[in-house]
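Heads up, the thing below is written out as structure tokens.
The values are calculated or read from the model by the stated rules, or taken from the named source; none is laboratory data. Keep in mind that what you see is a predicted model, and the values were worked out from it rather than measured. Every residue, glycine as well, gets a Cβ built from its backbone with ideal geometry; the counts of neighbours run over all protein chains shown.
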């Protein structure tokens with residue numbers, strides 16, 4: 001949430017110029033974490049077929065979820081249905097992500113206190129850019145600064 005709080009300090013005009021860059025940063029961070037970290041690690045512990053099937057199921061599942069949440073059809077440019085509605089998906093995914101982070105931290109503390117502290121610090125370090133990206137996406141979806149911050153804070157309570 002520290003990154004999101006920092007973004008609140010920027011004037012509206014500057015924040016609007018920064019949002020496309022921050023959205024790109026958020027996308028790159030998530031794709032980098034998946035394709036450079038998680039998938040190669042998974043390939044060490046499971047068959048490529050299982051990993052590929054899981055990745056494909058995730059892509060198709062989230063595509064369907066996006067179509068259900070952002071269902072719209074309008075031919076006018078200024079149609080209200082063209083508003084960015086991806087914020088709901090971000091909040092849902094972030095709440096699940098934070099819940100898993102909490103489970104990982106709890107499991108680490110149950111193993112040993114030093115491991116729990118190290119895991120908590122690692123999760124905090126990884127959460128700052130991720131929450132900043134989520135905040136930028138919520139702003140881009142049309143939420144006000146205060147509402148985006150409040151929703152982001154609520155989803156972080158799932159930890």
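Looking only at residues in the stretch 29-42 that are surrounded by 12 or more Cβ atoms within 10 Å (Cβ to Cβ) and out of contact with any helix residue (DSSP H, G or I) (no Cβ under 6 Å at 6 or more places or on another chain), which one is modelled with the highest pLDDT?
Ranking the candidates gives 39 first.
On the given criteria, is residue 128 under 18 Å from the mean Cα position of the chain (by Cα) and in contact (Cβ under 8 Å) with a residue 24 or more places away in the chain?
yes
For the stretch 149-159, which residues satisfy the criterion of being surrounded by fewer than 18 Cβ atoms within 10 Å (Cβ to Cβ) and part of a helix (DSSP H, G or I)?
Selection gives 150, 153, 154.
Exactly one of (1) in contact (Cβ under 8 Å) with a residue 60 or more places away in the chain; (2) farther than 28 Å from residue 22 by Cβ is unmet by residue 106. Its number?
(1)
Given the structure, is residue 69 at pLDDT below 80 and surrounded by 11 or more Cβ atoms within 10 Å (Cβ to Cβ)?
Judged against the criteria, residue 69 is a match.
Residue-by-condition table, conditions (1) assigned to a helix (DSSP H, G or I); (2) loosely packed, with under 12 Cβ neighbours inside 10 Å; (3) at pLDDT below 85:
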{"position": "14", "(1), (2), (3)": "yes, yes, yes"}
{"position": "21", "(1), (2), (3)": "yes, yes, yes"}
{"position": "50", "(1), (2), (3)": "yes, no, no"}
{"position": "55", "(1), (2), (3)": "yes, no, no"}
{"position": "63", "(1), (2), (3)": "yes, yes, no"}
{"position": "84", "(1), (2), (3)": "no, no, yes"}
{"position": "98", "(1), (2), (3)": "yes, no, no"}
{"position": "103", "(1), (2), (3)": "yes, yes, no"}
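Condition (residue is modelled with pLDDT under 85, buried (at least 17 other Cβ atoms within 10 Å of the Cβ) and outside any helix (DSSP H, G or I)) applied to the stretch 138-148: is it met by at least one residue?
The answer is yes, given that some residue of the stretch 138-148 is modelled with pLDDT under 85, buried (at least 17 other Cβ atoms within 10 Å of the Cβ) and outside any helix (DSSP H, G or I).
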